[in-house]
Amino acid sequence: MSIFSRVVVAVLMAELYFAAPAATLAQSATAGQDQPSEETWNSIRGDIFRDRPILDGSGLVILDAPRRAEDSAVVPIGMRVSFAGDDARTLKSLTLVIDENPAPVAGTFTIGPRSGVTSISTRVRVNSYSYVRAIAELSDGKLYGVKAFVKASGGCSAPASSNADATRSMLGQMKFRTFPPECDVLPEAQLMLRHRQNSGLRMDQLTRLYIPPFFIENLQIWQGDDLVLAMDGGIAISEDPNIRFNYRPNGAASFRVEAADTSKKLFRDEWSIQKSML
């Protein structure tokens, strides 16, 4: 069961019934706050991480997020772990949490054991002024977290940017690019996937009914037979998911992707590494 299903079903169902008045009140309340609160985080962290201690990740975990988002439905987020030269630990997972979203867990990215991934970026929806958090689990079994305050509102209920019929016809189409390394850093790759990513909080302007949640729930990327990363996603991942990451080449000739949405429809594609290179 996905994080979305396990942690926030009750919250989302309440939003579906009371979204219009509640969202208005919540946005006006948070917009007036000069100092962000830890109250929401303190109430949800135990459900997400099962009361495991989360250590201060300052200097180890880096979170890139805009102070004020230009578009609350497409907020760029970068997460990375910076290991010292003599640090033998590796990254096991990165969890992206948006405290004030109806479904706070935007996604958990599980890292393949031989992939070398230390950096992931994507785009998310932010529904109201909120802390955004990156929680890294390392190979020592410990959790390390950092946070950034992002000013944005209405991202989860914002209308789709693309035509519904056109998106339906291109549903699941993927593009994959690889980028050669610069200096001594690892090469990077980027996956772009066409999907509407309905949050369940958007209203159909004709029927005045809420459009049911419909989003990429699970995604896996392999380099040859080695898993690079897997994502358990939720409603906060923006329309047409875009994921960029670094990786350690293993000599394989191709990358392969499988993704499944909440309708259980499976999308697959494969690319030659040479042909995907810019």
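The numbers here are math on the coordinates, done by the rules we state, and not lab data. It should be emphasised that the depicted structure is a prediction, and the values quoted were computed from it without experimental measurement. Every residue, glycine among them, receives a Cβ derived from its backbone with ideal geometry; neighbour counts consider all protein chains shown.
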Residues with amide H under 5 Å from that of residue 197, placed H, sequence gap 5 or more: 216, 240
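Under 1.5 on a/c is rounded, so check that first for region 87-237, then, if it is not, pick prolate when a/b is larger than b/c and oblate when it is not; a ≥ b ≥ c are the square roots of the alpha carbon gyration tensor eigenvalues.
Numbers: a/c = 2.34, a/b = 1.47, b/c = 1.59.
Here region 87-237 falls in the oblate category.
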Dipole magnitude of region 77-208 about its Cα centre (Cβ charges: Lys, Arg +1; Asp, Glu -1), debye to nearest 20: 500
Packing-based ranking, highest mean first, of 60-67, 110-117 given that Cβ atoms within 10 Å are counted: 110-117, 60-67
³J(HN,Hα) computed for each position of region 116-123 - Karplus, 6.51 cos²θ - 1.76 cosθ + 1.60, integer Hz, glycine/proline x: x, 5, 10, 9, 9, 10, 7, 10
Cα→Cβ-extended label distance, 7 Å offset, between residue 49 and residue 84, nm: 2.2
Cα-based convex hull volume of region 175-278 per residue, rounded to whole Å³: 111
Reach of residue 92 by Cα under 24 Å, taken over lysines that are not fewer than 8 positions away in the same chain: 142, 147
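Which of the three applies to region 31-166, rounded, prolate or oblate, going by the alpha-carbon gyration tensor with a ≥ b ≥ c and a/c under 1.5 meaning rounded? Mind dumping the intermediate values first?
Numbers: a/c = 1.98, a/b = 1.46, b/c = 1.36.
It is prolate, given that a/c is not under 1.5 and a/b is the larger ratio.
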